[in-house]
Structures are given as structure tokens and as C-alpha cells.
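Colleague: This structure is in C-alpha cells; I'll ask about it shortly.
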Amino acid sequence: MQVTLAILKPSAIQRGILGEVISRFEKKGLQIVGMKMLNLTDNQLKIHYSHLVDKPYYGRIKDSMQASPVVVMALKGVDAVNVVRKITGATNGRDAVPGTIRGDFSISVQENIVHTSDSIETAELELKRFFETDEIFNYSQFNIRSIYAGDEY
Ligand code: ADP
């Protein structure tokens, strides 16, 4: 089992689709093992988007990510990093395949509803960035036999 991070961006909150996005993760079979609302700080964003800090549009990304609180989620499942990334879709909502979150809810490269970790290593770092150890929960998923074959998890 892997745990990965999703950030439901201000675009999700402002558009009133938090529930729909969360529901997609739940319906896939992912287990929500952490979830909270917070305001992202300048420093958190600088680290989180360090690969974009030098881009001319970084200021816009920062303003967009601080336009309202965000919801951070820790999602657990077999191959969760890859699965969640596929559900998310391509960065640019205009290119994202219909059926993905960005493909269904976004028509923008910036206002693209959700961030999700892009590798196992990134997921570990990003979860530590936004969650304390005791904010990630370990609990039984009673319907796990309806979600996976016995040898899959
Ligand atoms: P992803 O979120 O798919 O992992 P990136 O790490 O490349 O993609 O970009 C991080 C976020 O920065 C994107 O989700 C998007 O909100 C924003 N972004 C990326 N490229 C642009 C751009 N050219 N103009 C505006 N915002 C952008």
C-alpha cells in the first residue's frame, strides 16, 4: 500500500466541487487516511513549487494557491501514487482527458482544481510537508475484500 498527497486547490473550493472531487477518490477505492483545511504559507509554496519559482508566472500561481484555504488529503491504496495521478489528468485542463478530474472540471493550466504527488519519493516528502505524523490515520477498511483480490494488497 502507498499513501499519496492531494491538495484540493482554491479553484475546487471556489467552484463548489470539493465533494465531487473527494467522491472520485472514495469511489475509486482509495482510503482517506488524512484530511484538513489550511492556508498555504509563502514558504510552503516556495518549497512545494520550487521547480517553478523562477518562472514568470510563479506570482500568479502563488496568488491562486492563496486565494482561499485549500484541503489537503492523504490517500491510501495499492499503487496509490500512480492511480491518483491518473485520476488527476494532465496539468493543462484543456489537454486533460475527459473522465479525469482536470479533464472534467478545468479548462485552464493554472486553475486546475487539484495537485497530486507525481512520484513515490515526492509523495513521502509532500505528506511530511503538510501533515504531522499523528494526522495520518491507520484504520481498517472493512470493505477491502470488495476493493481488492486477497493477493493484491
Ligand atoms: P502538476 O500540477 O500537473 O504536477 P506542474 O508541477 O508542472 O504540474 O505545475 C504545478 C502547478 O503550477 C500546475 O498544477 C498549475 O496550477 C501551475 N502551472 C503550471 N504551468 C503553468 C503555466 N504555464 N501558467 C500558469 N500556471 C501554471
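The values are calculated or read from the model by the stated rules, or taken from the named source; none is laboratory data. Computed from a predicted model, the values in this text were never measured in an experiment. Ideal geometry is used to build each Cβ from the backbone, glycine not excepted, and the neighbour counts take in all protein chains shown. Heads up: the accessible areas ignore ligands, DNA and RNA and are worked out on the full protein's heavy atoms, side chains in. Shrake-Rupley method; radii C 1.70, N 1.55, O 1.52, S 1.80 Å.
Colleague: Of Ala90, Val72, Phe130, which is farthest along the charge dipole of segment 52-153 in the positive direction, counting Lys and Arg as +1 and Asp and Glu as -1 at C-beta?
Modeller: Final value for the positive-end residue is Ala90.
Colleague: Now a separate question. Can you list the HN-Hα couplings for segment 6-15, worked out from phi with the Karplus curve (6.51, -1.76, 1.60; θ = phi - 60°), rounded to whole Hz and with x for Gly and Pro?
Modeller: Couplings: 10, 10, 7, 6, x, 4, 6, 5, 5, 7 Hz.
Colleague: Still on this model: For Asp134 and Glu121 in one chain, what is 0.36 nm times their gap in residues minus the Cα-Cα distance, to one decimal in nm?
Modeller: Additional length available on full extension: 2.7 nm.
Colleague: Need one number: nm distance between label points at Met35 and Phe142, each 7 Å from Cα along Cα→Cβ, rounded to one decimal.
Modeller: Distance between label points: 1.8 nm.
Colleague: Considering only protein heavy atoms and a 1.4 Å probe, what is the carbon-and-sulfur percentage of the accessible area of segment 1-121?
Modeller: Within segment 1-121, the accessible surface is 52 percent carbon and sulfur.
Colleague: Can you order the peptides 13-22, 141-150 by their average number of other Cβ atoms within 10 Å per residue, highest first?
Modeller: Ranked from most to least packed, the peptides come out as 13-22, 141-150.
Colleague: Which cross-chain or sequence-distant (5 or more) residues have an amide H under 5 Å from the amide H of Met35, H modelled 1.01 Å from N in plane?
Modeller: Distant-sequence amide H within range of Met35: Ala74.
Colleague: Taking the Cα centre as origin and putting +1 on Lys and Arg beta-carbons and -1 on Asp and Glu beta-carbons, what dipole magnitude results for the chain, to the nearest 20 debye?
Modeller: My answer is approximately 380 debye.
Colleague: So what are the ³J(HN,Hα) numbers for segment 115-130, from phi and the Karplus equation (6.51, -1.76, 1.60; θ = phi - 60°), rounded to whole Hz, Gly and Pro as x?
Modeller: 9, 9, 4, 9, 7, 4, 5, 5, 4, 4, 5, 5, 4, 5, 5, 10
Colleague: Multiply the residue gap between Leu18 and Tyr57 by 0.36 nm, knock off their C-alpha separation, and tell me the result in nm, one decimal place.
Modeller: Stretched out fully, the Leu18 to Tyr57 stretch lengthens by 11.5 nm.
Colleague: What percent do you get for the relative contact order of segment 2-136 when only Cα pairs under 8 Å and 6+ apart count?
Modeller: About 37 percent, as a whole number.
Colleague: Using 1/(1 + (r/R0)^6) with R0 = 25 angstrom and r between the beta carbons of Gln44 and Arg94, what's the FRET efficiency to the nearest 0.05?
Modeller: Efficiency computed from Cβ-Cβ geometry: 0.35.
Colleague: Using the Karplus equation 6.51 cos²θ - 1.76 cosθ + 1.60 (θ = phi - 60°), what ³J(HN,Hα) coupling, rounded to whole Hz, does each residue of segment 49-63 give in order, writing x for Gly and Pro?
Modeller: Per-residue couplings from phi come out as 10, 4, 6, 10, 4, 8, 6, x, 8, 4, x, 5, 4, 4, 4 Hz.
Colleague: Under a 1.4 Å probe, what is the accessible area of segment 1-132 per residue, stated in Å²?
Modeller: Each residue of segment 1-132 exposes 49 Å² on average to a 1.4 Å probe.
Colleague: What whole-number volume per residue, in cubic angstrom, does the convex hull of the C-alpha atoms of segment 89-153 give?
Modeller: With only Cα atoms used, segment 89-153 gives 151 Å³ per residue.
Colleague: Then there is this: Which Cα, out of Tyr139, Tyr58, Gly103, lies furthest along the positive dipole direction of the chain (beta carbon charges, K/R +1, D/E -1)?
Modeller: Gly103
Colleague: Taking 2.2 N^0.38 Å as the expected size of a compact globular protein, what ratio does the Cα radius of gyration of the chain give against it, to two decimals?
Modeller: Normalised by 2.2 N^0.38 Å, the Cα Rg of the chain equals 1.03.
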